[in-house]
1. Tell me, His127, His252, His217, His68 in order of fewest to most beta-carbon neighbours within 10 Å?
2. Using 0.36 nm per residue of separation minus the Cα-Cα distance, give me the extension gain between Glu19 and Asn135 in nm, one decimal.
3. Take Ser10 and Asp215, extend 7 Å from each Cα along the Cα→Cβ direction, and tell me the distance between the two endpoints in nm.
4. Region 214-293: which GluC sites (Glu not before Pro) are DSSP loop and have at most 14 other beta-carbon atoms within 10 angstrom?
5. Hey, fewest Cβ within 10 Å first, where do Tyr108, Tyr169 land in order?
6. Any chance you could run the full-extension gain for Tyr58 through Ser122? It's 0.36 nm times the residue separation minus the Cα-Cα distance, nm to one decimal.
7. In the neighborhood of Val292, defined by Cβ-to-Cβ distances under 9 Å, what is the net charge if each Lys or Arg adds +1 and each Asp or Glu adds -1?
8. First check a/c for the chain, with a ≥ b ≥ c the square roots of the eigenvalues of its C-alpha gyration tensor; if it is under 1.5, answer rounded, and if not, answer prolate when a/b is larger than b/c or oblate otherwise.
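Just so it is clear, none of the values below were taken in a lab; they were calculated from the coordinates. This structure is a prediction, so every number in the text was calculated from the model and none was measured. Quick reminder, even Gly has a Cβ in these numbers, built from the backbone with ideal geometry, and neighbours come from all protein chains shown.
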Amino acid sequence: MKLLNCQSDSEKFIGFLFENKVLNLTKGIQIFSVIYENKIKSPVLIEELLEIENLPLYLEKIVLFIKHHNLINTLITDTFKILPPIIRPSKIIALGRNYLEHAKETGYSAPKEPIFFSKAISSIIGHEDEIVYPNWLTRVDPEVELGIVIGKKAKNVSEETAMDYVLGYTIVNDVTARDMQTEDLKIANPWFRSKSFDTFCPIGPYLVLKEQIQDPHNLRIELRVNGTIRQKDNTKNLIFKIPQIISFVTQHMTLEPGDIIATGTPSGIAPIKPGDVIEAEIEGIGILKNIVV
Ligand code: MG
C-alpha cells in the first residue's frame with residue numbers, strides 16, 4: 001500500500017493509491033469507524049496512524065471495507081497538494097558513505113562501521129516543493145537515498161529482529177551544501193549545518209508499506225537533473241544493510257515511530273543550480289520531484 005499526506009483547499013487528509021487513483025483514506029476510515037467502532041474522529045496525517053496496533057492488517061481491513069461497500073467513487077480525490085509522508089518525525093538519521101563508489105568519489109574507503117549524522121527537522125519539504133538555494137553558497141548537491149520509516153519504538157535492537165521495526169519506505173533527497181561540508185570536514189567540524197538548510201530534505205511522495213516491497217536490498221535507485229541521469233545504482237550495493245543500520249543506531253539512541261533513516265547515496269554527486277528540476281526515483285516507491293529556486 002502506498003500512503004500519502006494530502007492537503008486540499010479546506011483540509012488535510014491521508015490518501016492511498018488504488019489503481020492509479022488517490023482515494024481519501026481519512027474519509028474511508030471515518031465511515032468505517034462510525035459503523036464499527038462508534039468513533040467519529042479519523043486520522044488526518046500518516047503520523048496519527050502510527051498509534052494503531054498492527055497497522056498493515058488494519059489498513060487491509062479498511063481497503064476491503066471500501067471495496068465491499070463500493071465506496072471507491074465516493075473516495076476518489078483529484079485536487080490536492082502532496083505533503084511530506086512524515087511531517088514532524090522526532091529525528092532524521094542519515095548515513096554517510098554507505099555506497100563504496102560514493103565513498104571513493106569523496107576520497108574515502110568503505111567505513112568499518114556505519115557513519116551517521118542528523119538533518120534538522122525544519123529542512124523537510126514535500127514532493128514538488130521548492131528547494132531554496134542560499135545565494136551565498138557556491139556548491140549544493142542533491143543525493144537520492146532510500147528512506148526507512150520506523151513503525152515502532154526501537155532500542156538496542158538485534159539485526160535479527162530489526163525489520164520488525166520498519167513500517168515502510170520512502171525517498172529522501174539529502175540535499176547538501178557541499179562547499180560548506182568540505183570546509184567543515186577540513187577543520188573536523190560537524191556536518192549538521194551543511195545538511196540542514198531550510199528545504200534541504202525533500203521526502204516522499206509516498207510511504208510504501210514494507211509488505212509491498214519484496215526485497216528493499218534490490219531496488220534500482222536513480223537521480224536525474226533536468227532529465228539527465230546523475231546517479232544510478234541499486235540498493236544491493238548498500239555497504240551496511242537495513243538490519244545492520246537499525247541495530248547499530250539503536251545501540252546509541254531510541255528510534256521513535258515516524259523516525260526516518262536515509263540510508264546513504266550512490267556515486268555521481270554533482271552540483272545543482274536555480275531552475276533545475278530534480279527527480280529522485282526508487283523502483284517500487286516512486287519519483288520525488290523538486291525544483292531549485
Ligand atoms: Mg547523504
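1. On the way: His127 23, His252 11, His217 15, His68 8.
The fewest-first ordering by Cβ neighbours comes to His68, His252, His217, His127.
2. Numbers: separation 116, 0.36 × 116 = 41.76 nm, distance 4.26 nm.
Result for the pair: 37.5 nm of gain on full extension.
3. For Ser10 paired with Asp215, the spin-label model returns 4.9 nm.
4. On the way: sites: Glu222, Glu279, Glu281, Glu283; in loops: Glu283.
Sites meeting the loop and neighbour criteria: Glu283.
5. Values: Tyr108 13, Tyr169 27.
By the 10 Å Cβ count, ascending, the order reads Tyr108, Tyr169.
6. Details: separation 64, 0.36 × 64 = 23.04 nm, distance 3.10 nm.
Extra length from Tyr58 to Ser122 when fully extended: 19.9 nm.
7. Numbers: positive: Lys273; negative: Glu130, Asp276.
Overall, the nearby charge balance is -1.
8. Details: a/c = 2.04, a/b = 1.54, b/c = 1.33.
Prolate shape, in that a/c is at least 1.5 and a/b is the bigger ratio.
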